[in-house]
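K.L.:
The following block contains the structure, expressed as structure tokens.
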Amino acid sequence: MHPTIARLQEVVASGDDSQIAGLLAENVKFLPPTYWKTWTGRKPVAAVLGHVGQVFSEFSYRRVMGEGRDWALEFRCKVGDLDAVGVDLITLDGDGLIETLEVAMRPFRTVGALRDAMNARVMSDARFLAFRDALG
């Protein structure tokens, strides 16, 4: 397994979102399951992922598939009392950092609950508001 993928699993398991940024490429792209928008850049993506880590509970990776630059990490979690399964689709850059992170998740009801919880959290986060204003 690639060291970045192994480290990602450790960081997620630890719940310490301060370690996320060190795994991300400077111009990382994050494609969330909740809406059709791409977040770009280490700082905004790390901030959003930090909130996701606080919204999800009982998070665990079930399977890890891939090699080289392309990886798929299947997960199970809860959002409130709703169950979900999903896949983190990860592409690493030449330095082994996360270049692209796309998340696919189901069921629809849980994705909606995630969207609502994330909107409530990030709209009160000064870091997020600064990123949003900078993006225009």
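What follows draws every value from the coordinates through simple rules; no lab data is involved. It should be emphasised that the depicted structure is a prediction, and the values quoted were computed from it without experimental measurement. Please note: Cβ atoms are built from the backbone with ideal geometry, for glycine as well, and neighbour counts cover all protein chains shown.
K.L.:
So what's the net charge close to T100: Lys and Arg +1, Asp and Glu -1, counting the other residues with Cβ under 11 Å from its Cβ?
P.N.:
Within the 11 Å Cβ shell, the charges total -3.
K.L.:
Sticking with this one: Mind giving me the FRET efficiency for L82 and A104? R0 is 25 Å, r the Cβ-Cβ distance, nearest 0.05 is fine.
P.N.:
0.90
K.L.:
Give, in nm to one decimal, the length gained when the segment between T38 and R115 is fully stretched (0.36 nm per residue of separation minus the Cα-Cα distance).
P.N.:
The T38-R115 span can extend by a further 26.3 nm.
K.L.:
Across the range 77-83, in residue order, what do the Karplus-derived ³J(HN,Hα) couplings come to in whole Hz, using 6.51 cos²θ - 1.76 cosθ + 1.60 with θ = phi - 60° and x for Gly and Pro?
P.N.:
7, 10, 10, x, 9, 9, 7
K.L.:
Follow-up question, since we're still on this one. Given the options M65, M105, M118, which has the most mean-square fluctuation in a GNM of the chain, springs set between C-alpha atoms less than 10 angstrom apart?
P.N.:
M65
K.L.:
If you don't mind, there's one more thing I want to ask. Based on the Cβ-Cβ distance from E26 to H2, what FRET efficiency comes out when R0 is 30 Å, to the nearest 0.05?
P.N.:
FRET efficiency, E26 to H2: 0.95.
K.L.:
To the nearest whole percent, what portion of all C-alpha pairs in the chain is separated by more than 17 angstrom?
P.N.:
Of all Cα-Cα pairs in the chain, 58 percent lie more than 17 Å apart.
K.L.:
Tell me, what HN-Hα J-couplings in whole Hz come from the Karplus equation 6.51 cos²θ - 1.76 cosθ + 1.60 at θ = phi - 60° for each residue of the range 40-54, using x for Gly and Pro?
P.N.:
3J(HN,Hα) across the range 40-54, in whole Hz: 10, x, 4, 5, x, 5, 4, 5, 5, 5, x, 5, 4, x, 8.
K.L.:
Related question: Provide the FRET efficiency to the nearest 0.05 for the D95-R63 pair, computing r from the beta carbons and using R0 = 22 Å.
P.N.:
0.30
K.L.:
Using the charge dipole of the chain (Lys, Arg: +1 at Cβ; Asp, Glu: -1 at Cβ; taken about the Cα centre), state which of C77, T91, Y35 has its Cα farthest towards the positive end.
P.N.:
Of the candidates, Y35 comes out farthest on the positive side.
K.L.:
³J(HN,Hα) across the range 6-11 via Karplus (A = 6.51, B = -1.76, C = 1.60, θ = phi - 60°), whole Hz, x for Gly/Pro?
P.N.:
In residue order, the calculated couplings are 4, 5, 4, 4, 5, 5 Hz.
K.L.:
Can I ask one more? Under unit Cβ charges (Lys, Arg +1; Asp, Glu -1), what dipole magnitude, rounded to 20 debye, does the chain have relative to its Cα centre?
P.N.:
Here the size comes out at about 340 debye.
K.L.:
May I pose another question? What does the convex hull of the alpha-carbon atoms of the range 21-88 project to on average, in nm²?
P.N.:
5.1 nm²
K.L.:
Say we join alpha carbon atoms closer than 10 Å with springs in a Gaussian network model of the chain; which of P33, P44, P107 then has the biggest fluctuation?
P.N.:
It is P107.
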